[in-house]
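Enquirer: Have a look at this one.
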Amino acid sequence: MSNNNDGRPLMYYEGEFGVYRTNGELIAKAPYSKFLRKNNYQCLTFFKNKMLFFENDKIGVVNNSLEEIIPAIYDDVKLSENDYNIVAGRDGKYGVLNYEGQTILDFEYDYIKSLYDGYDVFYALRKDGKFGLANRQGVVVMQPIFEYEPQAVYPDNRLVLVEKENTRDD
């Protein structure tokens, strides 16, 4: 058992997974097998009080009481330290869900990447080989018409940073 001393839950690994408050109070228990690390996913970590779980090779999300908030129906799920929303993929398409599991950006994109500008979150979108941008509320602020993926957003200056590979010889 680890003690984080900063309000984060404590955990134990004895066939079951437990979430504790720092005062030692048990919040919830669940079978450890639902939270085993799969492929490249780090599961035993909370991001914004959310954590991944697995059922039948699909991914879902629980809250810090281990209550299922998003069912295990997704092929890919990305949690972020900076974003309360969740980027998820199913059947080869990506979308964005809010904390309650409601879709705020439809599953019509080939790729979505969360971008944090220090104050707010934006999403770089790829559809049919072109890139666009959406805000945290799921509003597409730049349709996917650009050749290059946005790397950073500076909304105060109305700028989007993109990178292009230098193919010049000089």
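The values are calculated or read from the model by the stated rules, or taken from the named source; none is laboratory data. Since the structure is predicted, the reported quantities are computational estimates derived from the model, not experimental observations. We place every Cβ from the backbone using ideal geometry, glycine too, and count neighbours over all the protein chains shown. We work out accessible area using only protein heavy atoms, side chains counted, and drop any ligands, DNA or RNA first. Shrake-Rupley method; radii C 1.70, N 1.55, O 1.52, S 1.80 Å.
Enquirer: Would you mind finding the one in 92, 129 that is over 15 Å from the mean Cα position of the chain (by Cα), modelled with pLDDT of 90 or more, over 21 Å from residue 61 (Cα atoms) and open to solvent by 40 Å² or more (accessible area, probe 1.4 Å)?
Expert: One residue alone meets the criteria, 129.
Enquirer: Right, another one. If we scan the stretch 73-86, do we find a residue that is basic (Lys, Arg) and at pLDDT below 75?
Expert: No, the stretch 73-86 contains no residue that is basic (Lys, Arg) and at pLDDT below 75.
Enquirer: Taking the condition of being buried (at least 16 other Cβ atoms within 10 Å of the Cβ) and of a type in the set (S, T, N, Q), how many residues in the stretch 50-68 meet it?
Expert: 2
Enquirer: Right, something else. For the stretch 60-69, check the following and say yes or no: at least one residue is under 22 Å from residue 107 (Cα atoms), at pLDDT 65 or above and among the hydroxyl-bearing types (Ser, Thr, Tyr).
Expert: no
Enquirer: Taking the stretch 85-112 on its own, how many of its residues are under 18 Å from residue 50 (Cβ atoms) and part of a strand (DSSP E or B)?
Expert: Of the residues in the stretch 85-112, 13 are under 18 Å from residue 50 (Cβ atoms) and part of a strand (DSSP E or B).
Enquirer: Turning to a different aspect of this structure: Please verify whether the stretch 144-165 includes one or more residues that are closer than 30 Å to residue 46 by Cβ, open to solvent by 80 Å² or more (accessible area, probe 1.4 Å), at pLDDT 80 or above and in a strand (DSSP E or B).
Expert: Checking the stretch 144-165: not a single residue is closer than 30 Å to residue 46 by Cβ, open to solvent by 80 Å² or more (accessible area, probe 1.4 Å), at pLDDT 80 or above and in a strand (DSSP E or B).
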